[in-house]
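First up is the structure itself, then whatever we jot down about it.
Each value in this text was obtained by applying a stated rule to the coordinates, not by laboratory testing. These numbers come from a predicted model, not from an experiment. As a convention, Cβ positions derive from the backbone with ideal geometry for all residues, glycine included, and neighbour counts pool all protein chains shown.
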Amino acid sequence: MARPDAEPGRIVAVFSLLSGVLSVLFLILTLVSPPGPHLSNYAGNIAFYEAYLVLILFWAIVSVPFVSGLWKMLGPRNSTLALSAALLSTGGILLLGFAVDMYVGTIVSILTAGNPPSLAEADYQVAIWRNLSFILTDPALMAWGLGQFLFGWLAWKSKTLPKWVAGIGMIGGVEGLLTEAVYQTPVLAVVQLASFAIWGIVVGITLLQPRRRP
């Protein structure tokens, strides 16, 4: 298996591991308390969703340098595809982070504003923002998915990472691309996020391993 240069490999490794760990936390929190259609689904959990907002923000911030590191690692195989993968992944991650933060942030704002005039009106507001978030998350997942697939394909061809890791990357990418086709966004997003978490952790560990001398 080919080894990337040690520097800036170790810097990329830090962002890779952070991205992987935050992706795992993102996944766990999403599964523990999935967004619901009614305000009552969120009542009493303001602190939880405020922490959720901070987590998504940091996840997006550290994932972008990780993606840039993948671009540098896999660029020698095909610089055009690697750049395309980096741009698609970065755009998708940032748009997804914005969409989730916008939706959850709106719910937190409604809860902290005090008692709504009526629960029916509050649920109506939640429904509007929930549907708007889906309009943003679907293209985000698709763009990110295509970027993931391209990175996985490049990793498979370049042998920079184990083939099983490259395969997981491509599987996660396909899940993102299927978002609009099968209308199972939550399930597909979970699989895509899980594959991205594995990518981050394995890439970080790989880059931190001592470089073997020829």
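Before moving on, here are some points about what is shown:
- For TYR103, TYR124, order by how many other beta-carbon atoms lie within 10 Å, fewest first: TYR124, TYR103
- Projected label points at LEU208 and ILE128, each 7 Å from Cα along the beta carbon direction, are separated by 4.7 nanometres.
- Burial order of peptide ranges 132-140, 62-70 (average beta-carbon count within 10 Å, highest first): 62-70, 132-140
- Gain upon complete extension [ARG10, THR112; 0.36 nm per residue less C-alpha separation]: 32.5 nm
- The shape of the range 9-208 can be summarised by an equivalent ellipsoid whose semi-axes, obtained from the alpha carbon gyration tensor, come to 34, 16, 13 Å from longest to shortest.
- The length gained by stretching the chain between ILE171 and ILE61 to full extension, at 0.36 nm per residue less their Cα-Cα distance, is 37.2 nm.
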